[in-house]
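These notes concern the structure reproduced below.
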Amino acid sequence: MLHCPKAIVRKIGYCAFFLATGMTAALAADVTGDWRVADGVANIRVAQCNGSMWGVISWEKTPGGKDTRNPDASKQSRPTLGMPILIDMKKKAGAADTWEGQVYNAKDGQ
């Protein structure tokens, strides 16, 4: 089950777009469920938590991935499986199909 731990939100202060091609269209409709990223190396499980959408890595093509590109050396050994990618996403008020929140890009650690 997907949880939304506040400690992780505080730790991830980076804002980038991990799913540049895959999630944009998906966010326009019902986004809950499992989504394969554009290059097929992972699935992201998106669920609602306290009125926000959260997404975590739920499957990896190559198991055992680590967040090695994170600029914070203390986080470089954390596993990518289960790592939050979409963080506190909410529909923007007054704008159809526009979302606000944070997205973590594990490919460049931003």
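Can you say whether Glu100 is open to solvent by less than 30 Å² (accessible area, probe 1.4 Å) and touching a strand residue (DSSP E or B) at 6+ places or on another chain (Cβ under 7 Å), as far as the supplied structure shows?
Numbers: open to solvent by less than 30 Å² (accessible area, probe 1.4 Å): no; touching a strand residue (DSSP E or B) at 6+ places or on another chain (Cβ under 7 Å): yes.
Judged against the criteria, Glu100 is not a match.
Which residue is least open to solvent (accessible area, probe 1.4 Å), if the candidates are limited to the stretch 74-97 and must be assigned to a loop (DSSP other than H, G, I, E, B) and over 20 Å from Val46 (Cβ atoms)? Lay out the reasoning, then the answer.
Of all residues in the stretch 74-97, those assigned to a loop (DSSP other than H, G, I, E, B) come to 76-78, 80-83, 92-97.
With over 20 Å from Val46 (Cβ atoms) added as a condition, the list becomes 76-78, 93-94.
Values: Gln76: 69, Ser77: 84, Arg78: 54, Ala93: 96, Gly94: 95 Å².
Here the residue is Arg78.
Of the residues that sit in the stretch 21-44 and are modelled with pLDDT under 80 and closer than 16 Å to Ala106 by Cα, which one is nearest to the chain's Cα centre (by Cα)?
Met23
The values are calculated or read from the model by the stated rules, or taken from the named source; none is laboratory data. These numbers were taken from a predicted model, which means no experiment stands behind them. Don't worry about glycine lacking a Cβ; one is built from the backbone with ideal geometry, like all the others, and counts go over all protein chains shown. Heads up: the accessible areas ignore ligands, DNA and RNA and are worked out on the full protein's heavy atoms, side chains in. Shrake-Rupley method; radii C 1.70, N 1.55, O 1.52, S 1.80 Å.
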